[in-house]
Amino acid sequence: MKKLESRDDIEFLVNAFYDKVSKDEKIGFFFNDVAKVDWSHHLPKMYSFWESLLFGEASYKGNPMAMHFPINEKVAIEKDHFAHWIRLWTETVEENFTGELAEAAIHKASNIANLMAYKMEVARRLR
């Protein structure tokens, strides 16, 4: 196993992860049917997002939280959906990488998923 240490590694990780997600029965429909994600647009944003989080590069421009609210209005994104997302992410990281930044990727993703799950739940209550 190799250490997570470059933009190329992030691209590999993100591609492997979203390949799983797009085929996943529990959460794939959010991406394919509800959001109708254009992968050629989404994946480069995710490369930059993770590069910014893990390497401190200021390559990501956007608001990931804001992008999820319209989806949550169409179909509730529940806590168990985020838990499943983090399981797939963790599995993908652990299958391919080791080291401090791999662990950071899992930790940061878990924090993001928990925060997003909370905010999506609050948004549904306020509707």
Per the 1.4 Å probe, what fraction of the accessible area of the range 21-127, in percent, lies on carbon and sulfur atoms?
-> 55 percent
Cα-based shape type of the range 1-48, given that a ≥ b ≥ c are square roots of the gyration tensor eigenvalues and the cut on a/c is 1.5 = oblate
Added length on full extension, which subtracts the Cα-Cα distance from 0.36 nm per residue, MET67 to SER22 | 14.4 nm
Set LYS3/LYS79; LYS61/LYS108; LYS2/LYS36, cut-off 28 Å on Cα-Cα distance; pairs above it are LYS3/LYS79; LYS2/LYS36
Specify whether the C-alpha gyration tensor of the range 44-115 places it in the rounded, prolate or oblate class, a ≥ b ≥ c being the square roots of the eigenvalues: rounded for a/c under 1.5, otherwise prolate if a/b is larger than b/c and oblate if not.
-> oblate
Label LYS74 and VAL34 with points 7 Å out from Cα along Cα→Cβ: what is the distance between them in nm?
-> 0.9 nm
At a temperature of 25 °C and a viscosity of 0.890 mPa s, determine how fast the chain diffuses translationally according to Stokes-Einstein, using the Kirkwood radius over alpha-carbon pairs as Rh; express D in µm²/s, rounded to the nearest whole number.
-> 163 µm²/s
Would you please name the trypsin sites (Lys or Arg not before Pro) within the range 47-116 that are DSSP coil residues with at most 11 other C-beta atoms within 10 Å of their C-beta?
-> LYS61
Separation between the GLU94 and ARG124 pseudo-spin-labels, each 7 Å from Cα along Cα→Cβ, expressed in nm?
-> 2.7 nm
Roughly how many nanometres apart are two label points built 7 Å out from the Cα toward the Cβ at ALA83 and HIS107?
-> 2.3 nm
Find the accessible area per residue for the chain; the probe is 1.4 Å, ligands and nucleic acids are left out, and the unit is Å².
-> 58 Å²
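The values are calculated or read from the model by the stated rules, or taken from the named source; none is laboratory data. Since this is a predicted model, take the numbers as computed values, not measurements. With ideal geometry, Cβ positions are generated from the backbone for all residues, glycine too; neighbour counts draw on all protein chains shown. For accessibility, only protein heavy atoms count, side chains too; no ligands or nucleic acids. Shrake-Rupley method; radii C 1.70, N 1.55, O 1.52, S 1.80 Å.
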